[in-house]
1. From the list A:176, A:211, which one is of a type in the set (Asp, Glu), buried (at least 18 other Cβ atoms within 10 Å of the Cβ) and modelled with pLDDT under 90?
2. Please specify each residue of the range C:104-148 satisfying the condition of being closer than 21 Å to residue B:281 by Cβ, in contact (Cβ under 8 Å) with a residue 12 or more places away in the chain and outside any helix (DSSP H, G or I).
3. Looking only at the range C:175-199, which residues are of a type in the set (Asp, Glu) and more than 7 Å from chain A (Cβ to nearest Cβ)?
4. Taking the range A:142-156 as the search range and keeping residues that are assigned to a helix (DSSP H, G or I) and not charged (D, E, K, R), which one is surrounded by the most Cβ atoms within 10 Å (Cβ to Cβ)?
5. Given the options C:52, C:35, C:56, name the one that is without any contact (Cβ under 8 Å) to a residue 40 or more places away in the chain and in contact with a helix residue (DSSP H, G or I) (Cβ under 7 Å, 6 or more places away or on another chain).
6. Considering only the range C:150-167, I want to know if a residue exists there that is in contact with a His (Cβ under 7 Å, 6 or more places away or on another chain) and facing another protein chain (nearest Cβ under 9 Å).
7. For residue C:119, indicate whether it is on the phi > 0 side of the Ramachandran plot, in contact with a helix residue (DSSP H, G or I) (Cβ under 7 Å, 6 or more places away or on another chain) and not charged (D, E, K, R).
8. On the basis of being of a type in the set (D, E, K, R), more than 8 Å from chain C (Cβ to nearest Cβ) and touching a strand residue (DSSP E or B) at 6+ places or on another chain (Cβ under 7 Å), does residue A:78 make the cut?
Amino acid sequence: MPLLEIKSLNKTFGGLAALMDLNLTLDKGELVGLIGPNGAGKTTAFNLITGVYQPDSGNIDFHGEKIQGKKPYAICKRGIARTFQNIRLFNELTVLENVEVAFHKDVGYGVLSAIFRTPSFFKGEASIKEQATEILDIFGLKMKVDERSGSLPYGEQRRLEIARAMATKPQLLILDEPAAGMNPLETAELMKLIRWIRERFNLTILLIEHDMSLVMGVCERIYVLDFGRVIAQGLPEKIRSDPKVIEAYLGEEAG
Amino acid sequence: MSEFTQQVINGLALGSIYALIALGYTMVYGIIKLINFAHGDVMMVGAYVGYFSITLFGTNLVVALIFSMVVTAILGVAIDYLAYKPLRKSSRIAALITAIGVSLFLEYVFVWLFTPSSRSYTQNVISQKAYHFMANQVTITGKDILILSVTVILMLLLQYTVKKTRVGKAMRAVSLDQEAALLMGINVNRIISFTFAVGSALAAAAGVLIGVYYNSIDPLMGIMPGLKAFVAAVLGGIGSIPGAVAGGYILGILESLVSGYGSSLYRDAVAFGVLILILLIKPTGIFGQDTGEKV
Amino acid sequence: MESFKNSRIKNIILPVVGVAALYMIVQFLISSELLNPYYQIILFLIGINIILAVSLNLINGITGQFSIGHAGFMSVGAYMGAVCTVKLGYPFVVAIIAAFLVAGIMGLFIGVPTLRLRGDYLAIATLGFGEIVRVVLLNIDYVGGAAGIIGIPQLTNWAWLFGSVVITIVVIQNFIRSSHGRACIAIREDELAAELMGVNTTLYKVLAFSIGAAFAGLAGALYAHYFFLIQPTNFNFLKSFDILVMVVLGGMGSTSGCVLAAIFLTIISALLQSFTEVRMILYALVLIIVMIRRPQGLMGNKELSLNLLGKFRRRDKHAAVRDKVTE
């Protein structure tokens, strides 16, 4: 059974059809890319998967279970995490606290325990802090735990966002343009990071990206979207030379 | 039937006033997404300026109206420049809090200067004629006609400005997409100031008309009508000019009917009731569009 | 582990001692009638305002839900408490608890429908709520309508007040400094991202409203049982505005900032009692100037803390590491 299965997904905004009859499957452990010109519907697809939007029709199955229409926090609990095109950290919180928030869904103590400072509170807090510090160590951010996350340099913010997403212990990680704003050196680092976390955490990864070096370098399979429809899918080499894909990116030739 | 007609007529007059004030709210919200909490108090200032124009300078009503509109327009621009412009890049909450501050500032400066007691517009500037219909059950007074005609004229002027002039086009552009408008060479700050000027002028007209109609002005007179006009703007769809007009008249007529047929104690509650209903059912209002958050 | 124990001593024993001392000193001043009644009134107002400001801060500053009808919750608590003692003859404890619970439930009623409203719409909805409560109370004869309830026994003494203030601060601070509090702050920072990281934003927004409302209700009941008489006009928008100014000045997000601002503004208010217009103009200017020049208020989202030598020192509450170096 595929990990993620999208069948005939449709989404319209006002008069604009953002996604039309989208079909997509992801097997466990795959690293798949979603590419296409701007406005093709890629982020809309991500928003539908993570519950930010409700589809007009169609199914999204995760682990065989229907998740379309569920609230985002419920979907996160089921094992899907994401990052954003424009990084969305909790700026006023520290690096550590950002990651600690991601552990909240499994918090081991209730509100009353927090108020009365029971032993389970201290145990729970210690556990959260420990796990958060561990993840930050893995992602090379341990030295910055107490810094205000909004003050980090861009590349580290990206890494923190990914670390935070990983802290929710997902099975499927969705990355929305992770290489946005990065130079070739940083992109190469990112590629290494993505491959590494896939191995380390036994992840399935779906990513949107415009940077072709990253897509071609890291993705095992690619879906191409244009005007809300899948126009091509398959191995990177095949996609690279597909005339429909080239046309979508460069526009139609005159005449 | 005649009772109903009378209430509808009263409602039209009241609605005109709400509509004029609501237009200011909706235009400012449309252009900088700010609920100008102080707008009702700007209306109050307009009423006072009109009052002084008539009593101190002895002008007639038309001159007082125009004079008040001009002075209040300047006040509106000044408020934006001093209090709201520094916060253009800040959160909406910050701007809203500041607007609350400006509102209270205006109210209490005027209380301090002019005492909380009310003053009346002299009656000799207004026609005292009354027209009777339906076997003397329904009355349309000269004041009603005055309010309706002034309102209609101002709205036609506004409509012309927004639809046919360059400034109007620029206003619409800025409210749709500020950055794009900037890139097109539109002086966004000037357009924002212009919007405040127009909105405040309309509020001033409403203030003078209230002074004429209810024959009483006081420094805290802007609170209730301001709140109700805001509800009217939300009802019609905040950001939408036709919405503000529609909302204003609907609320005015509704309030008149409730006050006439029900209890006048609950007259103020009508606005709050409408507000809660709208926010629960369709927060974007009758003509509003929901511009959702872009993720 | 040594330093952990030391900081435990510092964080628990010292404040407890300090708080107990404060309580006893003031109690002595009151019982021996050394404290002039005028100052007593100001002291009690300070206590009530601290509870109001700290509870509003939970909703506005910590969770980022802009609520400007807080006086509505206060009035629900005040009336509930007064009805319990005056009309139903229950003891003070019952009145206090009832006020707390009923106001908290009100917070639930307000929180749930307003969940989907954005910032400014939410603000207006809460303002509308505050006004509706006032209009409804104005029209109910059982609670005296416009005349309100009179003859409320003065059951709020220094012990009750002080205890309530301490409990409010401790409960709310403990909530904030926990995973649940972090969840609320995450909602303030970026609601969508918080939800996508697994935070049930609906639950926490409603929870913040309820807790904040409940404590406002507590303040209301204490107020009613100190000032003998309550009327709907005591709890109008101007009261909500007063509390808002305290939270803004103190720093949305800082409990100690709210405490300081509540103390400071209550005193100013008392000094300017005969000059209401001046006071209002001043408050309005404070609000405008703070928002333009220093929107984070006095304290931003930092908290005040004592070091072992008893000196007041600003401390970044997240710098637990630096703490160990202070001796």
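1. On the way: A:176 fails: modelled with pLDDT under 90.
So the residue among A:176, A:211 that is of a type in the set (Asp, Glu), buried (at least 18 other Cβ atoms within 10 Å of the Cβ) and modelled with pLDDT under 90 is A:211.
2. If the condition is that a residue be closer than 21 Å to residue B:281 by Cβ, in contact (Cβ under 8 Å) with a residue 12 or more places away in the chain and outside any helix (DSSP H, G or I), then C:115 is the only one that fits.
3. Within the range C:175-199, the first condition is being of a type in the set (Asp, Glu), and the residues that meet it are C:189-191, C:195.
Passing the criteria: only C:191.
4. Here is the first cut: in the range A:142-156, the residues assigned to a helix (DSSP H, G or I) are A:142-144, A:149-151, A:154-156.
Within this subset, residues satisfying the condition of being not charged (D, E, K, R) are A:143, A:149-151, A:154-155.
On the way: A:143: 10, A:149: 25, A:150: 15, A:151: 12, A:154: 12, A:155: 15.
Ranking the candidates gives A:149 first.
5. Details: C:52 fails: without any contact (Cβ under 8 Å) to a residue 40 or more places away in the chain; C:56 fails: without any contact (Cβ under 8 Å) to a residue 40 or more places away in the chain.
Answer to the check: C:35.
6. Taking the range C:150-167 first, the residues in contact with a His (Cβ under 7 Å, 6 or more places away or on another chain) are C:152-156.
Adding the requirement that they be facing another protein chain (nearest Cβ under 9 Å) leaves none.
For the range C:150-167, residues in contact with a His (Cβ under 7 Å, 6 or more places away or on another chain) and facing another protein chain (nearest Cβ under 9 Å): absent.
7. Working: on the phi > 0 side of the Ramachandran plot: no; in contact with a helix residue (DSSP H, G or I) (Cβ under 7 Å, 6 or more places away or on another chain): yes; not charged (D, E, K, R): yes.
No; evaluated as a whole, the condition is false for this residue.
8. yes
The values are calculated or read from the model by the stated rules, or taken from the named source; none is laboratory data. All figures in this text were calculated on a predicted structure; none of them were measured in a lab. Positions of Cβ are generated from backbone atoms using ideal geometry, with glycine treated the same way; all protein chains shown enter the neighbour counts.
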